[in-house]
Amino acid sequence: MSDNGPHMQPPPSWQVGGQPPSGPPGPPPGQPSGGPQYGAPQYGAPPPPPGDHYAHTPAGAPQYPPPPGQPPYPGSGAEMPGSPPSKSNLGLILVIVGGVVIIALIVVVLVMLLRSGDDSGDTDAPPPPPDAAAEESEESDDTDDKDDDPIETEVGEAPHGLPEDECLALGDDQVDALSAQQTRTSSTDNTARCSWDIEVEGFTGTLDVNYQLPYSASDSVEAAGSDFERELEWMTDEDSDIIDVTVHENNEIELGDEANLVFSTNDGALGEVSTASLIARQDNMLVTAELRVYPDWINGDESAPLEYGDISDLMPDVGASAINNLG
C-alpha cells in the first residue's frame with residue numbers, strides 16, 4: 001500500500017481479451033493451497049450424467065432452481081405442475097363427498113316419511129255424520145227447556161201471612177193422585193202444618209206441608225232467606241247422629257223466589273225409607289213439603305220403594321199448590 005492508497009490490481013490478461021491460462025487455477029487470494037475445498041467446483045471432475053443435473057452435488061452445496069421451462073430436479077422437493085394430488089388430500093375429498101351423499105339420502109327419506117304420515121292421517125277416522133251433532137243439540141235443548149220451565153203460581157201481595165186453612169195446600173188433583181187422607185193439623189203464631197196418609201206407586205207413606213214465617217221479623221224477606229238456607233242444609237245433612245241419611249239428588253227448581261227438591265233414603269225400623277223434600281220461599285214465607293214412603297216390609301221387602309223419577313214431577317206440583325194457598 002502506497003501513500004496514495006491501495007494499488008489497484010489490473011485484471012488478468014485473459015479477462016481483457018487474452019486466453020485463459022492453461023491448467024487448473026490457483027486458489028483464490030487469501031485461501032491456502034492444498035486439497036480440494038468443499039462447496040467449490042472441482043475442476044477436472046467428470047461431469048454428471050445427462051438429465052441428472054445436481055444429482056451429485058456435494059452435501060451442503062446450495063440448490064439452484066432449474067432454468068425456466070425445465071422440470072424440477074429429482075430430489076428438490078418441488079412438485080411438477082399438473083401432478084396428481086397427494087394421498088392425504090385425496091382421502092379428505094372422498095370423505096367430504098361421501099358425507100354430502102349420506103346427508104342428501106337422509107333428507108330424502110325424511111321427506112318421504114312425512115308425506116306418508118300426512119296421507120295416512122287423513123284416513124284415520126271418517127268425519128261424523130252431519131246430522132248427529134244437530135240431533136244431540138236438539139235433544140239437549142229440549143231437556144234444558146223442560147228443567148227451566150217455571151211453575152206458575154198465583155199469590156197475593158207480600159208480606160204474606162199464614163193461610164186460613166193450611167190443609168187446602170193440596171188441591172183436588174193432588175188429593176186424587178196421592179189418594180190422600182187428612183190425618184192431623186197444627187199451628188202457632190209463626191207456623192201452620194197439615195198431614196196426610198198417602199199412597200205412591202202402590203206403597204204407603206205420609207205427606208206433611210208446613211208454612212213458616214221468620215221468627216225474628218215475620219214480614220222480613222231477608223230473614224226468610226236465611227231460614228231457607230238453614231232448612232236446606234238440614235235436609236241435605238248426611239252426617240247426622242240421629243238418622244242415617246243418603247242424599248241422591250239435590251236440584252234447584254223454578255218455583256217461587258227460590259226452591260230445591262231433595263231426594264234421599266234413610267234406614268228405618270222397617271227397612272229403607274224413600275224421602276222427597278221440597279223447600280220453597282215466596283217473599284217472606286217459607287213452604288216445605290215432605291213425602292215419606294215405606295218399603296213393603298209385610299212381604300219381606302225392605303229395599304227403598306221409590307226412585308227420583310217417581311217424585312220429580314209430583315213434588316213440584318204439590319209445592320205450587322201449597323204456595324197458591326197463601327193469603
So, in the range 305-320, exactly how many residues are surrounded by fewer than 21 Cβ atoms within 10 Å (Cβ to Cβ) and of a type in the set (Gly, Ala, Ser)?
2
Please determine whether any residue of the range 168-185 is farther than 30 Å from Leu270 by Cβ and either of a type outside the set (Asp, Glu) or in contact with a Gly (Cβ under 6 Å, 6 or more places away or on another chain) (or both).
yes
Matching option when the condition is among the hydroxyl-bearing types (Ser, Thr, Tyr) and closer than 16 Å to Asp317 by Cβ, among Ser195, Ser277
Ser277
Helices (runs of 4 or more DSSP H) enclosed by the range 213-327 - at least 1 residues per element that are farther than 22 Å from Ala180 by Cβ:
221-235
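Give the residue, chosen from Gly319, Gly256, that is out of contact with any Pro (no Cβ under 8 Å at 6 or more places or on another chain) and on the phi > 0 side of the Ramachandran plot.
Among Gly319, Gly256, only Gly256 is out of contact with any Pro (no Cβ under 8 Å at 6 or more places or on another chain) and on the phi > 0 side of the Ramachandran plot.
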Could you list all residues from the range 236-264 that are buried (at least 19 other Cβ atoms within 10 Å of the Cβ) and free of Cβ contacts under 8 Å to residues at least 60 places away in the same chain?
Asn260, Leu261, Val262, Phe263, Ser264
Starting from the range 280-299, take each residue that is surrounded by 18 or more Cβ atoms within 10 Å (Cβ to Cβ) and at pLDDT 95 or above and list its partners that are basic (Lys, Arg) and assigned to a strand (DSSP E or B), counting only C-beta distances under 9 angstrom and pairs at least six apart or across chains.
Val287/Arg281
Considering only the range 173-220, how many residues are surrounded by 14 or more Cβ atoms within 10 Å (Cβ to Cβ) and among the acidic types (Asp, Glu)?
4
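Just name the residue that is nearest to Tyr294 (Cα to Cα) out of those in the range 153-176 that are in contact with a helix residue (DSSP H, G or I) (Cβ under 7 Å, 6 or more places away or on another chain) and either in a strand (DSSP E or B) or among the hydrophobic types (A, V, I, L, M, F, W, C) (or both).
Going through the qualifying residues, I end up with Leu170.
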Any chance Leu261 is in contact with a Gly (Cβ under 6 Å, 6 or more places away or on another chain) and not aromatic (Phe, Trp, Tyr):
no
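The values are calculated or read from the model by the stated rules, or taken from the named source; none is laboratory data. In this text the structure is predicted, and so the values were computed from the model without any measurement. Positions of Cβ are generated from backbone atoms using ideal geometry, with glycine treated the same way; all protein chains shown enter the neighbour counts.
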